[in-house]
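In what follows, a single structure is set out as structure tokens and then discussed.
The values are calculated or read from the model by the stated rules, or taken from the named source; none is laboratory data. Computed from a predicted model, the values in this text were never measured in an experiment. Using ideal geometry, Cβ is built from the backbone for each residue, glycine included, and neighbour counts are taken over all protein chains shown.
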């Protein structure tokens, strides 16, 4: 038996880092079930088996033959998830409809995710709401037949469909009511949906951070841990020196001091940095990663007191244009978003934690932007506190907060979108592939 707890499966099959080892062998004497379980055992050790991966993909139709154990079927659904093979997840589920009730509930999440990903063209266009709703209802009915006692979980799927088709208010209350349930990571943003965003009484601690500002007026803000800093920061800084020589690059460093590394680079960039001493000892690994991403927004109000504009990016991508030019193009706005939610002609929208990109955002030093920064900082601080007290995930918390803080701030903050693309990233989310693709892109943009 292998560990098929949700957390363990997420750790193994969402691993985009480079593998610790590559095993190119394929033992043809093993049964299909044994091959599936062998791949799963290797994934848990971060060992990549490319030949076995191809074998499982090419023989995927055998999964519905009826001779696989529940353990092997569960593992196979997660294998398909790691390959982002949404059509195969759906067809496998159809072929196994009589056996679904014996499988863990997180398999239902994978099937609904496969439906949602299959709607990409509709979601990108923002059209065909009725077609989406029909397909969503059919998928939910299919899952209800497979897991008839999972009403609260099924209610979350219905809430996601309601949000996508325009009923954000109803969906929000439903998300709040099921936020204590465990979902696969692409749906973990549900746990970060709160009933409101006005948490003015929530204190964002300032004593836990040491700030050394850049001398520049306009900066790009990146928050990260030591691992990501060591992997990506120098590559990003080199490119930044070419695209934004007059602007600053500010690293919000969680748990480490970057000074020695920055000084050794010798780059003509005005660097700023923050050392964040926040105690994360009570959080598990993926909760900590959620904090690393959220920290830039938790402390955004502090940075707006230091800089005329703050562009929030990721450390595994490049700012595409000069910050001063972007800021000067939008002097009538407080906050610039990378999103389609401002397009009122759309009748179909992505899920809240996918609707506003967290790594392509600009706030100008205006009263409206400061109100927004205080709102999102307090909201995310509340999410972190919830994680400490209840164990809830913080995954997608920054993007969830961006959506709902936008929704609740439309009346007193001037929002807009960038005139041209502002930030560029590359890299897939397939097993063992993302890190290599990101490093290649950063080195050769």
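Scoring residue 196 on the criteria (1) in contact with a strand residue (DSSP E or B) (Cβ under 7 Å, 6 or more places away or on another chain); (2) touching a residue at least 60 places away in the same chain (Cβ under 8 Å); (3) farther than 22 Å from residue 425 by Cβ; (4) surrounded by fewer than 18 Cβ atoms within 10 Å (Cβ to Cβ) leaves a single failure, condition (1).
Being within 21 Å of residue 378 (Cβ to Cβ), free of Cβ contacts under 8 Å to residues at least 40 places away in the same chain and assigned by TED's automatic domain parsing to the domain that holds residue 388 holds for only one residue in 306, 280, and it is 280.
A quick yes/no check of all residues on (1) buried (at least 21 other Cβ atoms within 10 Å of the Cβ); (2) assigned to a loop (DSSP other than H, G, I, E, B); (3) at pLDDT 95 or above:
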{"residue": "347", "(1), (2), (3)": "no, yes, yes"}
{"residue": "354", "(1), (2), (3)": "no, no, yes"}
{"residue": "363", "(1), (2), (3)": "yes, no, yes"}
{"residue": "376", "(1), (2), (3)": "yes, no, yes"}
{"residue": "393", "(1), (2), (3)": "yes, yes, no"}
{"residue": "398", "(1), (2), (3)": "yes, no, yes"}
{"residue": "401", "(1), (2), (3)": "yes, no, yes"}
{"residue": "410", "(1), (2), (3)": "no, yes, no"}
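Quick one: would you say residue 94 is closer than 20 Å to residue 150 by Cα, over 24 Å from the mean Cα position of the chain (by Cα) and part of a helix (DSSP H, G or I)? Criteria met by residue 94. For the condition buried (at least 18 other Cβ atoms within 10 Å of the Cβ) and under 19 Å from residue 5 (Cα atoms), residue 72 qualifies.
For residue 163, the requirement of being surrounded by 19 or more Cβ atoms within 10 Å (Cβ to Cβ), in contact with a helix residue (DSSP H, G or I) (Cβ under 7 Å, 6 or more places away or on another chain) and over 30 Å from residue 343 (Cα atoms) is not met.
Between 52, 56, which is crowded, with 20+ Cβ neighbours inside 10 Å, free of Cβ contacts under 8 Å to residues at least 40 places away in the same chain and within 30 Å of residue 135 (Cα to Cα)? Being crowded, with 20+ Cβ neighbours inside 10 Å, free of Cβ contacts under 8 Å to residues at least 40 places away in the same chain and within 30 Å of residue 135 (Cα to Cα) holds for just one of 52, 56, which is 56. Applying the criterion of being in contact (Cβ under 8 Å) with a residue 40 or more places away in the chain and surrounded by fewer than 16 Cβ atoms within 10 Å (Cβ to Cβ) to the residues of segment 115-130, the residue that is farthest from residue 163 (Cα to Cα) is 125. Within segment 250-272, the set of residues being assigned to a strand (DSSP E or B) and either within 13 Å of residue 237 (Cα to Cα) or free of Cβ contacts under 8 Å to residues at least 40 places away in the same chain (or both) comprises 250, 251, 253, 270, 271, 272.
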